[in-house]
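Engineer: Here it is: the structure, laid out below.
Quick note: the coordinates plus some simple rules give every number you see, no bench work behind them. Source: prediction; values computed, not measured. A quick note on method: Cβ atoms are made from the backbone with ideal geometry, for glycine too, and the neighbour counts reach across all protein chains shown.
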Amino acid sequence: MFSGSIPALVTPFRDGEFDEAAFRKLVDWQISEGSAALVPCGTTGEASTLSNAEHHRVIEVCIEQAAGRVPVIAGCGSNDTRNAALHMNFAKKAGAAAGLCVAPYYNRPSQAGLIAHFSYLAENYDLPIVLYNVPGRTVTDIAAGTTIELANRFPDRIVAIKDASEDLSRVADHRRGIGHEFCQLSGNDELALPFNAAGGKGCISVTANVAPALCAQFQAACADNDLVEARRLNDLLYPLHYAMFSDSSPGPVKYALSRVFEGTTDEVRLPLVRCSDEAREKVDAALTHAGLV
């Protein structure tokens, strides 16, 4: 269903408010540079600090500006099942291709709780779901067996996973338990090459905010089984992947974007703050290495 380079878009702010004009320009740039789909209101989009009204406006603007040129996978995750359902309902009406649903965070549900949470969404809302497993942030891991059970129970609803577990063996586990056609997307830029080699279809990427063309070219090389070109591009991008997390995300990526894309700022919302001078130095060096500045 999805493949290639898919940026987890930042949400631009200016003077504390959603900068809609900058976001529209960012969407156009991403599409022109080769991004295969777009994800508004994910982790990198600071969804956890958006009000529901802002959250829905960001999704709405992304879908409106994309205008069918690429699919939009709307961030619909929450630690509250009812609130996730609210986002799913809005995203469906707005025209999203799917909802990205993170494992409920803070609550620390059991695997049975995860199955109940995602089953409720799948049974009650007519929108495909991309599971989002990022235990480094949520604490709770969507175990391979849980993903397999959900995907087999709801084959028309649970259509993909963004896997940021950092466990590359999951790709083979999911292929064996669900099938080779189940869409697996890396949630870690630095692991995208081995993830794709194991059977992944692409990456929901932080780095693609800043280097959309290079990330798209890298994913195309992987899809073409051109390992030499994929390695070359991976070597260019590799320092940038780590620089994006040299301070609390998305501080570094917003700083990097402000350097390569006119009209955006490095403004984030509390409790996040702008990235440190040390992080800026790492970002600057990585941007130079990749030939972006």
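Engineer: Roughly how many nanometres apart are two label points built 7 Å out from the Cα toward the Cβ at His180 and Ala213?
Structural biologist: Going by the 7 Å Cα→Cβ label model, 3.5 nm.
Engineer: While we're on this one: Could you work out the helix-only [θ] at 222 nm for the chain, with each DSSP H run of four or more residues adding -39,500 (n - 2.57) and the total divided by the number of residues, to the nearest 500 deg cm²/dmol? Let's see the in-between values first.
Structural biologist: On the way: 12 runs with 138 residues, N = 293.
About -14500 deg cm²/dmol.
Engineer: Further question on the same structure: Put one equal scatterer on each alpha carbon of the chain, apply the Debye formula with no solvent term, and list log10 I(q)/I(0) at q = 0.17 1/Å to two decimals.
Structural biologist: Ignoring solvent entirely, the Cα scatterers give -1.49.
Engineer: Modelled label-to-label distance, Asp284 and Asn52, 7 Å Cα→beta-carbon offset: nm?
Structural biologist: If labels sit at Asp284 and Asn52, their model points lie 4.4 nm apart.
Engineer: For Glu123 and Asp226 in the same chain, what is the full-extension length gain: residue separation times 0.36 nm, less their Cα-Cα distance, in nm? Could you put the intermediate results ahead of the total?
Structural biologist: On the way: separation 103, 0.36 × 103 = 37.08 nm, distance 4.04 nm.
Between Glu123 and Asp226, full extension yields 33.0 nm more.
Engineer: Return the Cα extents of region 50-131 along principal axes one, two and three, sorted largest first, each rounded to a whole Å.
Structural biologist: Over region 50-131, Cα extents along the principal axes are 39, 24, 17 Å.
Engineer: While we're looking at this one, here's another question. Which of the aspartates and glutamates could a cross-linker bridge to Lys25, judged by Cα under 14 Å and excluding same-chain residues fewer than eight apart?
Structural biologist: Qualifying aspartates and glutamates at Cα under 14 Å: Glu33, Glu64, Glu262.
Engineer: Distance from the Cα centre of region 167-183 to that of region 232-293, in angstrom?
Structural biologist: Computed from Cα coordinates, the inter-centre distance equals 32 Å.
Engineer: Related question: Under a cut-off of 25 Å between alpha-carbon atoms, report the lysines in cross-link reach of Lys282, not counting same-chain residues fewer than 8 places apart.
Structural biologist: Lys254
Engineer: How high is the relative contact order of the chain, in percent, with contacts defined as C-alpha pairs under 8 Å that are six or more residues apart?
Structural biologist: 18
Engineer: What are the lysines whose alpha-carbon lies under 16 Å from the alpha-carbon of Lys162, with same-chain residues fewer than 8 places away excluded?
Structural biologist: Lys201
Engineer: Can you give the charge dipole size of region 46-181 about its Cα centre, rounded to the nearest 20 debye, using +1 on the beta carbon of Lys and Arg and -1 on the beta carbon of Asp and Glu? All intermediate terms of the calculation are to be shown ahead of the outcome.
Structural biologist: Numbers: 13 positive and 15 negative charges, 20 e Å.
Using Cβ point charges on Lys, Arg, Asp and Glu, region 46-181 gives about 100 debye.
Engineer: I would also like to ask the following. Hey, rough spin-label estimate for Arg269 and Lys93, points 7 angstrom out along Cα→Cβ, what's it come to in nanometres?
Structural biologist: That separation, rounded to one decimal, is 2.1 nm.
Engineer: Each residue of region 217-231 in order: what ³J(HN,Hα) in whole Hz does its phi give by Karplus 6.51 cos²θ - 1.76 cosθ + 1.60, θ = phi - 60°, with x for Gly and Pro?
Structural biologist: 5, 4, 5, 5, 5, 4, 5, 8, 6, 8, 5, 4, 5, 4, 5
Engineer: Right, something else. Along each of its three principal axes, how wide is the spread of alpha-carbon positions in region 182-293, in whole angstrom units, largest first?
Structural biologist: Over region 182-293, Cα extents along the principal axes are 40, 29, 24 Å.
Engineer: Which one of Met88, Gly42, Ala53 is farthest out on the positive end of the charge dipole of region 24-109, using unit charges on Cβ (Lys, Arg +1; Asp, Glu -1) and the Cα centre as origin?
Structural biologist: Met88
Engineer: What are the extents of the Cα atoms of region 241-293 along their three principal axes, listed from largest to smallest and rounded to whole Å?
Structural biologist: That gives 32, 23, 16 Å along the principal axes, largest extent first.
Engineer: Only four residue types carry charge here, +1 at the Cβ of Lys and Arg and -1 at the Cβ of Asp and Glu. Report the dipole size of the chain about the Cα centre in Debye, rounded to the nearest 20. Display every interim value, and only then the final one.
Structural biologist: Details: 25 positive and 35 negative charges, 110 e Å.
Its charge dipole is roughly 520 debye.
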